[in-house]
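Trainee: Got a structure for you, questions after.
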């Protein structure tokens, strides 16, 4: 198993993910969604989810969003404003546009109080067997996750299996409660 620092892992997993074909991304995304169905999380009310960046071959979250809509859940998505994430509730009438990073964001909407979130689905590039994650390195999710309640479930979504250890974890890194891959659900000790 791999043990490495965030810089190496970020580069390695970006390349690994970009090497996937569209068909592989679709297939792996579907398998992750099937694994998610096994978690007892669908009776809650407030779900925070990222909108995938297809040009980076991110896991496609559209089927999760559609499931949440069909079950009439409150769906909250992130939006970058003044170099921080704000959290906006969306519905079928919400209009979107691309931000400076090529991320689809709601044009407007009601900001959501993050203390009321039940579940956060978290994008990542890699994660380790202890539940630490590597993101894109800008710290948006790290700052956001530090403000959430301990009862809010933090669920990473990944195409790839965990590595052994991320070497340069610091006090700002918030652990995942679960990470879901196409093969299995990884549960971490912080539950």
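The values are calculated or read from the model by the stated rules, or taken from the named source; none is laboratory data. What you see is a predicted model; the values in this text were computed from it and never measured. Quick reminder, even Gly has a Cβ in these numbers, built from the backbone with ideal geometry, and neighbours come from all protein chains shown.
Trainee: Filter the range 56-74 down to residues that are in a helix (DSSP H, G or I) and in contact with a helix residue (DSSP H, G or I) (Cβ under 9 Å, 6 or more places away or on another chain) and give me whichever is farthest from residue 184 (Cα to Cα). Give the derivation first.
Mentor: If we filter the range 56-74 for residues that are in a helix (DSSP H, G or I), which is where we start, we get 56, 62-70.
Applying the additional criterion that residues be in contact with a helix residue (DSSP H, G or I) (Cβ under 9 Å, 6 or more places away or on another chain) yields 56, 62-64, 67.
On the way: 56: 23, 62: 20, 63: 18, 64: 17, 67: 20 Å.
Selected residue: 56.
Trainee: From the list 86, 77, which one is modelled with pLDDT of 95 or more, in a strand (DSSP E or B) and surrounded by 12 or more Cβ atoms within 10 Å (Cβ to Cβ)?
Mentor: 77
Trainee: Please determine, by comparing only the residues of the range 111-136 that are in contact with a helix residue (DSSP H, G or I) (Cβ under 6 Å, 6 or more places away or on another chain) and in a loop (DSSP other than H, G, I, E, B), which one is modelled with the lowest pLDDT.
Mentor: Checked the range 111-136; the qualifying residue modelled with the lowest pLDDT is 135.
Trainee: Do you know which residues across the range 32-48 are crowded, with 20+ Cβ neighbours inside 10 Å, out of contact with any helix residue (DSSP H, G or I) (no Cβ under 6 Å at 6 or more places or on another chain) and closer than 14 Å to residue 119 by Cβ?
Mentor: 48
Trainee: Collect the residues in the range 137-191 that are free of Cβ contacts under 8 Å to residues at least 12 places away in the same chain and part of a strand (DSSP E or B), keeping them in residue-number order.
Mentor: The one that is free of Cβ contacts under 8 Å to residues at least 12 places away in the same chain and part of a strand (DSSP E or B): 187.
Trainee: Of everything in the range 1-51, what is part of a loop (DSSP other than H, G, I, E, B) and touching a strand residue (DSSP E or B) at 6+ places or on another chain (Cβ under 8 Å)? Give them in sequence order. Spell out how you get there, then give the answer.
Mentor: First pass over the range 1-51, keeping only residues part of a loop (DSSP other than H, G, I, E, B): 1-2, 5, 19-21, 37-45, 49-51.
Across the range 1-51, the qualifying residues are 1, 2, 5, 38, 39, 41, 44, 45, 49, 50, 51.
Trainee: Of everything in the range 97-122 that's within 25 Å of residue 173 (Cβ to Cβ) and out of contact with any strand residue (DSSP E or B) (no Cβ under 7 Å at 6 or more places or on another chain), which residue is surrounded by the most Cβ atoms within 10 Å (Cβ to Cβ)?
Mentor: 103
Trainee: Can you work out which of the residues in the range 89-99 that are assigned to a strand (DSSP E or B) and in contact (Cβ under 8 Å) with a residue 12 or more places away in the chain is nearest to residue 55 (Cα to Cα)?
Mentor: Per the stated criteria, the residue is 96.
Trainee: To continue, here is another question. Has the range 136-158 got at least one residue that is under 16 Å from the mean Cα position of the chain (by Cα), surrounded by 21 or more Cβ atoms within 10 Å (Cβ to Cβ) and over 17 Å from residue 61 (Cβ atoms)?
Mentor: Scanning the range 136-158 turns up no residue that is under 16 Å from the mean Cα position of the chain (by Cα), surrounded by 21 or more Cβ atoms within 10 Å (Cβ to Cβ) and over 17 Å from residue 61 (Cβ atoms).
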